[in-house]
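I have placed the structure first, in the form of structure tokens, so that the comments after it can refer back to it.
What follows draws every value from the coordinates through simple rules; no lab data is involved. Not measured: the values here are computed from a predicted model. Cβ coordinates were reconstructed from backbone atoms using ideal geometry, including for glycine residues, and neighbour counts include every protein chain displayed.
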Amino acid sequence: MATETKMSNGDVKKGGKSAEETMSMSELLEKFKSELESAGQDDNAEFNALRLCSQDPYPGDAEKAEEEEAWLQEHSYTDPAWMMERERDPTAAAMEAEVAQVLRDTGSHEKALEHFTLALELDPGVLDYWALRAQANFTMKNYREAFRDCISVHKDIRPVAMWKIGGRVLSSLGQYVLSEVWLRRASRLTEGNDYEALLLFQQTRIHRFYDPLTEGTSVQVRFTKYGRAVFCSEDVEEGQELFRDTPVISAQTDDSARAHPACSHCAVSLLTAEDYFGLDTFRKMNKAQKAIIKKAWPKVTSYPCPHCKREKYCSLECRTHAWRQHHCHLCPSINPPAAKLYDFCAKGTTQEKGMWNSMFSPMIMARIWANILTRVKELGVKGEPTKDDWARAKEPYRRFLGFGVSGFVKQIPKMLKIMQAIFQNTEIKYKIDELEFERRYYQVACNVQSFGPPCVTWHEFVAEFHRTSRPGENHRRVAQEMRGEPKDVTFGGLYALQSSLNHSCDKNVDVMDGMVDGKPGVVIRAKQGIKKGGELYTTYIDTSMQRPQRRAWLYRAYHFWCECERCKFEGDDCSICTQCEKKAPKDEPFSVCSRCHRAWYCTPKCQKVAWKAGHKKICKAWPST
Ligand SMILES: C[S@@+](CC[C@H](N)C(=O)[O-])C[C@H]1O[C@@H](n2cnc3c(N)ncnc32)[C@H](O)[C@@H]1O
């Protein structure tokens, strides 16, 4: 039993110390402020859900914590004058506390609260009573009272449970930075071994960063054992739009860039009739045919970078944005080593062992580093940027967690050298060592989403051409020269919200190309009806593959072993019973499920058991590989 006494101001006095020696909330805050300032600011924390998600504060958190503290003061959450003075009676107090716990366990929270209060009035020195009543108040959503209970116990003796309750109260009040301070303390006191404290911390962080992004949508981001995950916040129907998202940074993939010109900043198609028909064909057409095409093809004006001419934009606005965001560091006319990057992207990447693929090009990594440099500059840094300046500049990329088997950088040493040369030649130098390269590579690889404009200039042309088509030689000739759809515009982008979607081999949402505020982005739609609270899953790979191939791909590219519903109820091959894992006798393979051809059973009984257990939910005629 503790030997503290409650002071009239609500603080708890420890041993013989005076009330003046107990720390007030603002003093406590001062202490945390210095902790916040000195904590490491690692934007590259590796991904392994709870254990690997950093609790590092964000730059500027100390000031935000001060604002939140002022808010708390203003809303009297620290009002101390509230307890009845009674004569001490520890025995009676213990009885009251016992009654309170029984009442609480049977759901009579209001009554329980009365008895916790009595227990405290009879013996305010027992820390557990404070924690129990704080919890009861929190359950009743009496946040003011719950918080007051928490701060009534001096922080030096405040039990972990109270740090957690305080953190939850602050989170419920939307005071996320202070909540993180309290929950960080709970984690530190338990040396990172309190799972609940770690989880509460990450949940608070998710509220802080994702609630603004999901406002007005039918989804919510939460923290799970797989890290961020997106859930339905209401029942949704098949086909319903769930949310739209725009990329934080993007770049066209190399293959697409060679085949289909697009605005390098916003991905709008810049394909002209000459690009599509080919200059030779176009020149050979007669005047009337050219006029038909000209009339039907939408007007395409492109604005190249005036310095290097290697980038094209759909508007001056896009050109200015791109310049500010990254091109000012990457334009080869200003930074000559960047020419090698452009040459590499223009040449094609097949010889690079699949490191750059249909989803992303090295350009997106270069743009991330360049954008970080821009952000450092925008901070108005004089001289060498400090660790805090870098942390601030890297902030938008901190949320994209990436984790993979190391060693990729060894396979593409050429690209590391190109990047190092570029970023050693910038006004503020950015050190790209192997670790930075590798981590950034995984960050992009694990989070990148391909996208493009849902409608390109060619679609508009075809629609207009058919609308205005007349019988006759000239229209016939133009139609003859049309060689089907041009190659897609494909960009790889990092999306703040969309990248929170986890994978399932049986997805329940579709990520589709769509316009967001007039620019290409992604639209996420329900593929089927989903109940409130259901997790949303996309798919990261070609799911027509068999389970062993799917798992191998996911492990190699995303570093996780898939345990989705489909993987749970499919097998690897005919030599093992998918249900009971019995081995088949040599030359007597087990029978396959006749519908999905992805599960094998030793007996009809095993098949029935598996069907009921969950195979029926995922059994369908999958396209074969
Ligand atoms: C695009 S992120 C998805 C959001 C992720 N949970 C996060 O917190 O950043 C991809 C990463 O999420 C994790 N992940 C996604 N789906 C998963 C699954 N079905 N099982 C385990 N981990 C998964 C993997 O670590 C993967 O590299």
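Values for this structure:
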quantity: The chain - mean residue ellipticity at 222 nm from DSSP helices (-39,500 (n - 2.57) per run, n ≥ 4, rounded to 500); calculated: -13500 deg cm²/dmol
quantity: For SER591, distant residues with modelled amide H under 5 Å away; calculated: TYR601
quantity: Residue order, fewest to most surrounding Cβ atoms within 10 angstrom, among ARG222, ARG258; calculated: ARG258, ARG222
quantity: Stretch gain in nm, segment SER594-GLU63, where the contour uses 0.36 nm per residue and the Cα spacing is subtracted; calculated: 184.8 nm
quantity: Fewest-first ranking of ARG375, ARG483, using other Cβ atoms within 10 Å as the exposure measure; calculated: ARG483, ARG375
quantity: Anisotropy class of the range 250-451 from Cα gyration tensor, a/c 1.5 cut; calculated: prolate
quantity: Contact order normalised by residue count of the range 99-257, Cα under 8 Å, 6+ apart, percent; calculated: 11 percent
quantity: C-alpha center-to-center spacing [the range 108-142, the range 278-323] in angstrom; calculated: 72 Å
quantity: Estimated D of the range 547-618 in µm² per second, where Rh is the Kirkwood radius over Cα pairs and Stokes-Einstein applies at 20 °C, 1.002 mPa s; calculated: 170 µm²/s
quantity: Alpha carbon centroid spacing (whole Å) that separates the range 434-473 from the range 490-529; calculated: 14 Å
quantity: Sparsely packed GluC sites (Glu not before Pro) within the range 214-289, loop by DSSP, other Cβ within 10 Å at most 14; calculated: GLU215, GLU234, GLU237, GLU238
quantity: Label point distance in nm, GLU485-VAL462, each placed 7 Å from Cα along Cα→Cβ; calculated: 0.7 nm
quantity: Average Cα contact separation per residue, the chain, under 8 Å, 6 or more apart, as relative contact order %; calculated: 14 percent
quantity: Range of Cα positions in the range 108-183 per principal axis (Å), largest first; calculated: 35, 28, 14
quantity: Neighbour-count order for VAL516, VAL126, fewest beta carbons within 10 angstrom listed first; calculated: VAL516, VAL126
quantity: Rg/Rh for the range 263-371, where both radii come from Cα atoms and Rh is the Kirkwood radius; calculated: 1.05
quantity: For LEU270, distant residues with modelled amide H under 5 Å away; calculated: ALA262, CYS263
quantity: 3J(HN,Hα) from dihedral phi, the range 377-390, Karplus parametrisation 6.51/-1.76/1.60, rounded to Hz, x for glycine, proline; calculated: 4, 5, 6, x, 5, 9, x, 5, x, 8, 4, 5, 4, 4
quantity: Rounded to whole Hz, the Karplus (6.51, -1.76, 1.60) HN-Hα couplings of the range 228-240, x for glycine and proline; calculated: 4, 8, 10, 10, 6, 9, 7, 5, 10, 9, 4, x, 5
quantity: Residues whose placed amide H lies under 5 Å from that of GLY402, excluding near-sequence neighbours; calculated: PHE47
quantity: Pairs of alpha carbons in the range 480-606 whose separation is greater than 25 Å (percent); calculated: 46 percent
quantity: Phi to ³J(HN,Hα) by Karplus 6.51 cos²θ - 1.76 cosθ + 1.60 over the range 531-540, Hz, x for Gly, Pro; calculated: 6, 3, x, x, 7, 9, 10, 9, 10, 9
quantity: R0 of 22 Å, Cβ-Cβ distance LYS294-VAL516: FRET efficiency to nearest 0.05; calculated: 0.10
quantity: Dipole moment magnitude, nearest 20 debye, the chain about Cα centre, only Lys, Arg, Asp, Glu C-beta charged; calculated: 3600 debye
quantity: Principal-axis tilt of helix 61-74 within the chain, Cα atoms, nearest 10 degrees; calculated: 50 degrees
quantity: Separation between Cα centres of the range 531-605 and the range 363-427, rounded to whole Å; calculated: 40 Å
quantity: Å³ per residue enclosed by the Cα convex hull of the chain; calculated: 224 Å³
quantity: FRET efficiency, 1/(1 + (r/R0)^6) with R0 41 Å, evaluated for SER172 and SER315 via beta carbons; calculated: 0.40
